[in-house]
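One structure below.
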Amino acid sequence: MNHEKILKLINDLLQSDAGLESDYVKMDVINGRPVSDREKILADLISRIYRIVHPLYCSHPNWQAETEELLDK
């Protein structure tokens with residue numbers, strides 16, 4: 001699998017219902033609502049993938065534009 005296909009797969013995962021549900025689980029944890037260990041594990045995995053793809057301190061000035069360009073191919 002080449003880099004472009006990997007980026008497309010990751011983007012699809014993060015933009016899917018799984019990405020949204022991960023955000024909901026994280027909010028439930030923050031607000032003290034009960035969640036299962038399985039939900040926490042999956043939400044943590046998706047969050048870690050997101051942080052790898054979109055680091056907080058991204059040093060590449062055009063990372064977003066280049067990622068979008070790769071995904072449009």
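Count neighbours as other Cβ atoms within 10 Å of each site's Cβ, and list the GluC sites (Glu not before Pro) in the stretch 1-51 that are DSSP loop with at most 11 such neighbours.
In loop regions of the stretch 1-51 (DSSP not H, G, I, E or B), there are no sparsely surrounded GluC sites (Glu not before Pro).
Just rank Leu42, Leu9, fewest to most, by other beta-carbon atoms within 10 angstrom.
Placing the least packed residue first, the sequence is Leu9, Leu42.
Read the figures in this text as sums done on the coordinates, not as results from a lab. Keep in mind that this is a model prediction, so the values were computed, not measured. Virtual Cβ from ideal backbone geometry, glycine too; neighbours counted across all protein chains shown.
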